[in-house]
1. Just need the relative contact order of region 159-234 here, percent rounded to a whole number, with Cα pairs under 8 Å and 6+ apart.
2. I want to verify a result. In a Gaussian network model of the chain, Cα cutoff 10 Å, which of these has the top mean-square fluctuation: 43, 123, 172?
3. Can you work out the Karplus-derived ³J(HN,Hα) for every residue in region 12-20? Use 6.51 cos²θ - 1.76 cosθ + 1.60 with θ = phi - 60°, whole Hz, and x for glycine or proline.
4. Measure off, as a whole percent, the carbon and sulfur share of the 1.4 Å-probe accessible area of region 162-201, all protein chains present.
5. Check each of the chymotrypsin sites (Phe, Trp or Tyr not before Pro) in region 205-235 and keep only those in coil by DSSP with at most 12 other C-beta atoms within 10 angstrom; list them in order.
6. What does the charge add up to near residue 63, with Lys and Arg as +1, Asp and Glu as -1, over the other residues with Cβ less than 12 Å from its Cβ?
7. Just want the answer: with Cβ charges of +1 for Lys and Arg and -1 for Asp and Glu, which residue in 123, 112, 157 is farthest toward the dipole's positive end in region 97-164?
8. Please give the net charge around residue 152, taking every other residue with its beta carbon less than 14 angstrom from that of residue 152, where Lys and Arg add +1 and Asp and Glu add -1.
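The values are calculated or read from the model by the stated rules, or taken from the named source; none is laboratory data. The structure presented is a predicted model; accordingly, all values stated were derived computationally and were not measured. Methodologically, a virtual Cβ is constructed for each residue, glycine included, from the backbone with ideal geometry; neighbour enumeration extends over all protein chains shown. In case anyone asks, the SASA skips ligands and DNA or RNA and just uses the protein heavy atoms, side chains included. Shrake-Rupley method; radii C 1.70, N 1.55, O 1.52, S 1.80 Å.
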Amino acid sequence: EHVSLISSGNSIKFGDLGSSQIAWGGAGASSTRAVIGGGAIPAVINNIEYVTIATLGDSLDFGDLTDQLRHAGTVSNETRALWGGGETASASTMTAVIEYVTIATTANAQDFGDLTVARRGSAAASSATRGLFSAGQIDGSNYTNVIDYVTIATTGNAVNFGDTLATRGNIAGCSNNIRGILGTGNAPAPGTVPNTIDYITIATLGDSVDFGDLYLAVYSAGAMASQTRGLFVGGANHPGGVYQ
């Protein structure tokens, strides 16, 4: 589906994925192309697909991730997209691996480095130079508030950036070149879904700061942003886990 970020309104159909009904794939983009990697249908897959953002149409095959992967955080700039963390099979198979592709060319992903903490469902935010992976779930019942960062243009292990205000997983992030905005997610206590939004200044190290509150408290939402506006899309709420 697609929306215009400069105006309010409902989304419109863009096309179809080649792998139908993907759950928990990770998407990154340049200004011309979006890449969607991994997910589960229901078995975990390693497919990478892409679309050209300016034209409507179905996705096309891009290549493969280095492993089957779902629920990874994805950061990107005009050149590269990186998938960090995720799970390779189930809630007990968290990985710390970061892999990357060059968005303009179709090819398989390559190893980039490792996160400081293996996790799934982290919030991703990026500028033209840095990518940040924030919070996430580290096993079936435990979560982290650690924020890691990498320099997108170079390969290497992630470095600690700071901590999020709260410990949570299944969190979403969006950003412009200055700020990363972190929202949605569920806290360690069963059934707890906070409505708080945090922000981080990407160019400087430090903990996240309170930004405001979501209109609706959800987890496992999507997020996207232009340089001026960020959207949190869909997700499931509590009680009942009803998808929005």
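1. Here the relative contact order equals 33 percent.
2. Sorting by GNM fluctuation, first place goes to 43.
3. Whole-Hz 3J(HN,Hα) from phi for region 12-20: 10, 4, 9, x, 10, 6, x, 9, 5.
4. Here it works out to 54 percent.
5. 215
6. -4
7. Farthest towards the positive end: 123.
8. That sum, taken over residues with Cβ under 14 Å, equals -1.
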